[in-house]
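Below is one structure, written out as structure tokens; comments come after it.
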Amino acid sequence: MLGFSRLLRPFFSTAFIGIDVDGRNCSVYVLVHKNGKIKEEFCKEFKCVNNELPIEAAKLIRTYRNKYPFTYLGALSKTYNQGLVSTKNPKQIAKFGISVNDNKFIKLDNWSCYIQKRAIDENRVRYLKALGLDYLFSPFLLIYSLVSANLRKRNCLYVLQQQNTVSLFIADKNNVLFGGYFFLSSDLDIDNETQDDLQEIHSVFDMANIEDIIGLPSQEFEEIGELEDIDKDVLAEELLPQEFQEQKEQEAKQSHLQELKDLARANNTSDIIINCINEFYSNEIYKSDFLEKVILLDCYGISQPALQHLRSSLLLDIEIKPIELSKTIVKLMRRENKMGMRAK
């Protein structure tokens, strides 16, 4: 059956879909290719509730599954029950307090990442609305894929920073030494009603129905000129000054609240990093050495006040590298898919 599928594959397009659900945001990256040529590629953002896969995102994924027989969905593992050990020797793994029988391991050069077997199913269940998950990636493997070509002689701490989670990865050019995965909490979380109100801020000035606001019939309105040539803010301020001002105030309030949440997130992250650095230095099980710098793999766009807070708290040089997580997941999927095809 696998051989028959492999024979048919060149005649069909292949769709790779990377998905990342992070708090109230869901990013879906779609890439469709056939015989090495990209036919379609885009990223779409959705709002979600309770960190769950949005119905709209699930519908989009199902549409591609129905359209393309060879469609694959990939995501990042999100669970406390995963980690990294700086060995691939089963006897050495036990010294880290990790059960070899209860976990699934991916062994690399001189280190391993693991996840509890039951946690794999827990991750899969989250995507049943999208007709299942084909690839589940360790955050440590994802970090390694991003930084392995540029590892330094001295230890660096790589931080995969998301809105709801943070993954830590310490490595130098020759060794991977430490890893940790943590969920973030915020004392400044916004309640659902307030958040929904803020997210639904739109100009009452609907450009598609502007003629109703102005009171001109369509024919007369067309004589004014194309709407695209009109500055929307200027027109809104002139026609609806009170509503325009309220909108601006709401937008400023939303921006301020997001900055506060980002500061709380940075405070939580800095506490986690400090605790992990202390553990790395003090626990004899780790081959610790001086950390040269922190490299922040930024998945959402950390604010400057939050970044400054991290710098002042950690007293370490911090380098920022923005990444598109769902796109990176697709890159990993394509690599794994090619390796799987070669193995068949």
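What is the set of long-range amide H partners of Ala171 at a cut-off below 5 Å, with H atoms built 1.01 Å from backbone N?
Those lying under 5 Å, H to H, from Ala171 are Cys156, Tyr158, Leu177.
Testing the spin-label approximation: label points 7 Å from Cα along Cα→Cβ at Ser185 and Thr87. State their distance in nm.
Going by the 7 Å Cα→Cβ label model, 3.4 nm.
Over segment 51-160, what percent of the accessible surface lies on carbon and sulfur atoms, probe 1.4 Å?
Numbers: 2640 of 5450 Å².
For segment 51-160, the apolar C and S fraction of the accessible surface comes to 48 percent.
Just list whichever of Lys44/Lys261; Lys44/Lys88; Lys37/Lys78 have alpha carbons separated by over 30 Å in the model shown. Let's see the in-between values first.
On the way: Lys44/Lys261 24 Å; Lys44/Lys88 38 Å; Lys37/Lys78 32 Å.
Correct reply: Lys44/Lys88; Lys37/Lys78.
Using a 7 Å offset from the Cα along the Cα-to-Cβ direction at both Lys129 and Thr63, what is the distance between the two label points in nm, to one decimal?
1.6
So how far, in whole Å, is the C-alpha centre of segment 72-148 from the one of segment 266-344?
17
The values are calculated or read from the model by the stated rules, or taken from the named source; none is laboratory data. Nothing here was measured: the structure is a model prediction, and the numbers come from that model. Counting neighbours? That spans all protein chains shown, and the Cβs are built from the backbone with ideal geometry, glycine included. Heavy atoms of the whole protein, side chains included, go into the accessibility calculation; ligands, DNA and RNA do not. Shrake-Rupley method; radii C 1.70, N 1.55, O 1.52, S 1.80 Å.
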